[in-house]
Amino acid sequence: MANIILHHYEFSTFSEKVRIALGIKQATWQSVDIPGLPPRPLLSPLTGGYRRAPVMQVGADIYCDTHVILAALDRLFPEKPLVNTPHEGLARAIGFAWEREMWIPSIGVLVHYIGEHIPPEFLKDRKESYLGVDISKEAMAPQFAAHTQFVRGQIAWLTRALSERQFLFGDHVSAADLACWQTIFLLRKNCPPEVDALLGLASLNDWYQRILAFGHGTSSPLSPEDAFEIAKTSTPQAISHLPANGDADGLTDGTMVTVTPEDNAKVPVTGQLLATDAFEIVIRHRDAQAGDLNVHFPRLGYTVQAAA
Ligand SMILES: N[C@@H](CCC(=O)N[C@@H](CS)C(=O)NCC(=O)O)C(=O)O
């Protein structure tokens with residue numbers, strides 16, 4: 001079985017989504033604890049500069065973004081599929097749309113409660129290099145009512161969808177559940193219990209606890225140095241799950257491209273286009289120290305361009 005390495009930090013809620021996915025799969029994995037903000041000197045050479053968390057590593061294959069990580073976990077552990085289900089299209093759509101729409105409003109509610117405890121260097125990083133938004137309590141206060149109403153509106157449809165079922169698509173948890181769950185986890189874990197009443201979260205509690213109970217699988221710590229060494233001494237896997245010459249907006253396999261998140265943390269990652277389909281793109285990034293790496297990204301939410 002492939003050696004799964006997760007680069008993550010404890011309070012990262014997107015990381016929690018993947019930790020729960022590893023719990024659902026009952027996986028054994030290695031945990032690299034990264035700081036909550038850069039510099040991350042031994043991770044960024046592996047991702048080619050992609051700076052968000054979490055990142056999954058399997059040898060010299062690097063998976064950026066939870067959407068591509070969950071799909072990769074389904075290939076490694078076909079039991080209990082999260083993306084590769086009969087509801088794949090909806091699982092992908094709900095997961096993407098929910099996270100995209102909910103991230104800033106959820107942070108707005110979060111900082112209303114705990115904003116005074118966030119260190120200035122964290123606020124600076126989030127404003128200047130990640131979100132482009134000032135997430136200090138003072139800056140977000142004028143939008144608190146609007147953010148609350150938006151989150152409550154989203155919670156309302158989720159509650160209705162879950163009223164007669166265990167998970168969004170029935171008896172089996174999917175990537176859509178995990179996406180919705182992780183933003184609620186952010187709030188429930190960090191805010192006082194009154195957040196439940198504010199947002200109407202109480203009736204989601206059974207579903208919330210069912211997902212929490214999956215746990216995180218079995219992990220053991222790994223140092224960033226050892227993870228780097230594993231990447232350096234491994235060979236990227238041959239790609240069998242994507243077609244050769246898939247459509248990358250007219251760019252052909254072998255072309256040097258950049259892949260850039262289009263929502264935030266817009267750092268372009270450069271590499272040679274190896275393979276793509278409608279959902280994923282893999283580029284070969286060459287790092288002077290780590291050597292050849294296959295870096296995997298989702299298509300949705302990323303812009304692919306010929307490198308200058
Ligand atoms: N679309 C990305 C979003 C990831 C994301 O925004 N993660 C947060 C942490 S919860 C992050 O990267 N924050 C800035 C950082 O840690 O550098 C995904 O699904 O992985």
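Picking from G48, G36, which residue would you name as being of a type in the set (G, A, S), in contact with a Phe, Trp or Tyr (Cβ under 6 Å, 6 or more places away or on another chain) and not assigned by TED's automatic domain parsing to the domain that holds E194?
Numbers: G48 fails: in contact with a Phe, Trp or Tyr (Cβ under 6 Å, 6 or more places away or on another chain).
On inspection, the qualifying residue turns out to be G36.
Taking the condition open to solvent by 20 Å² or more (accessible area, probe 1.4 Å) and in contact (Cβ under 8 Å) with a residue 24 or more places away in the chain, does E116 pass? Give the steps one after another, and end with the answer.
Details: open to solvent by 20 Å² or more (accessible area, probe 1.4 Å): yes; in contact (Cβ under 8 Å) with a residue 24 or more places away in the chain: no.
Against the criterion (open to solvent by 20 Å² or more (accessible area, probe 1.4 Å) and in contact (Cβ under 8 Å) with a residue 24 or more places away in the chain), E116 does not qualify.
Keeping to the range 8-43, report how many residues are within 12 Å of the ligand (Cβ to nearest atom), among the polar types (S, T, N, Q) and assigned to a loop (DSSP other than H, G, I, E, B). Step through it out loud before you land on a result.
Going residue by residue through the range 8-43, those that are within 12 Å of the ligand (Cβ to nearest atom) are 8-19, 21, 34-40, 43.
If we keep only those that are among the polar types (S, T, N, Q) too, we end up with 12-13, 15.
Then keep just the ones that are assigned to a loop (DSSP other than H, G, I, E, B); that gives 12.
Adding up the residues that qualify gives 1.
Within the range 44-72, how many residues turn out to be within 8 Å of the ligand (Cβ to nearest atom) and outside any helix (DSSP H, G or I)? Walk me through how you get there before you give the answer.
Taking the range 44-72 and keeping what is within 8 Å of the ligand (Cβ to nearest atom), we get 51-54, 64-67, 69.
Now restrict to residues that are outside any helix (DSSP H, G or I): 51-54, 64-65.
The qualifying residues number 6.
Restricting attention to the range 270-292, does a residue exist that is of a type in the set (V, I, T), touching a strand residue (DSSP E or B) at 6+ places or on another chain (Cβ under 9 Å), farther than 15 Å from N245 by Cα and away from the ligand (no atom under 16 Å from the Cβ)? Write out each step before concluding.
Narrowing the range 270-292 to residues of a type in the set (V, I, T): 270, 276, 281-283.
Restricting the remaining residues to those that are touching a strand residue (DSSP E or B) at 6+ places or on another chain (Cβ under 9 Å) gives 270, 276, 281-283.
In the following step, the residues that additionally are farther than 15 Å from N245 by Cα were identified as 270.
In the following step, the residues that additionally are away from the ligand (no atom under 16 Å from the Cβ) were identified as 270.
Checking the range 270-292: at least one residue is of a type in the set (V, I, T), touching a strand residue (DSSP E or B) at 6+ places or on another chain (Cβ under 9 Å), farther than 15 Å from N245 by Cα and away from the ligand (no atom under 16 Å from the Cβ).
Go through the range 73-105 and count every residue that is surrounded by fewer than 21 Cβ atoms within 10 Å (Cβ to Cβ) and either part of a loop (DSSP other than H, G, I, E, B) or in contact with a strand residue (DSSP E or B) (Cβ under 6 Å, 6 or more places away or on another chain) (or both).
8
Quick one: in the range 244-268, which of the residues that are of a type in the set (A, V, I, L, M, F, W, C) and farther than 21 Å from L70 by Cα is nearest to the chain's Cα centre (by Cα)? Quick ask: steps written out before the conclusion?
First, pick out the residues of the range 244-268 that are of a type in the set (A, V, I, L, M, F, W, C): 244, 248, 251, 256-257, 259, 265, 267.
If we keep only those that are farther than 21 Å from L70 by Cα as well, we get 244, 248, 251, 256-257, 267.
On the way: A244: 26, A248: 22, L251: 26, M256: 25, V257: 22, V267: 16 Å.
The qualifying residue nearest to the chain's Cα centre (by Cα) is V267.
List every residue pair whose Cβ atoms lie under 8 Å apart, where the two residues are 6 or more positions apart in sequence or sit on different chains, the first residue falls within the range 144-165 and is more than 20 Å from D206 (Cβ to Cβ) and at pLDDT 95 or above, and the second residue, located anywhere, is among the charged types (D, E, K, R) and in a helix (DSSP H, G or I).
From residues that are more than 20 Å from D206 (Cβ to Cβ) and at pLDDT 95 or above, the pairs are F150/E101.
Starting from residues that are of a type in the set (K, R) and in contact with a helix residue (DSSP H, G or I) (Cβ under 9 Å, 6 or more places away or on another chain), keep the ones in the range 1-29 and report whichever is least open to solvent (accessible area, probe 1.4 Å). Quick ask: steps written out before the conclusion?
First, the residues of the range 1-29 that are of a type in the set (K, R): 17, 19, 25.
From what is left, the residues that are in contact with a helix residue (DSSP H, G or I) (Cβ under 9 Å, 6 or more places away or on another chain) are 17, 25.
On the way: K17: 3, K25: 19 Å².
Looking at residues that are of a type in the set (K, R) and in contact with a helix residue (DSSP H, G or I) (Cβ under 9 Å, 6 or more places away or on another chain), I get K17.
Looking at K124 and the list (1) within 16 Å of the ligand (Cβ to nearest atom); (2) open to solvent by less than 50 Å² (accessible area, probe 1.4 Å), which single condition is not satisfied?
Evaluating K124 over (1) within 16 Å of the ligand (Cβ to nearest atom); (2) open to solvent by less than 50 Å² (accessible area, probe 1.4 Å) leaves (2) as the failure.
The values are calculated or read from the model by the stated rules, or taken from the named source; none is laboratory data. In this text, all values refer to a predicted model and were calculated from it rather than measured experimentally. Heads up, the Cβs are rebuilt from the backbone with ideal geometry, glycines too, and the neighbour counts pull from every protein chain shown. Quick note on the areas: whole protein, heavy atoms, side chains included, nothing else; ligands and nucleic acids left out. Shrake-Rupley method; radii C 1.70, N 1.55, O 1.52, S 1.80 Å.
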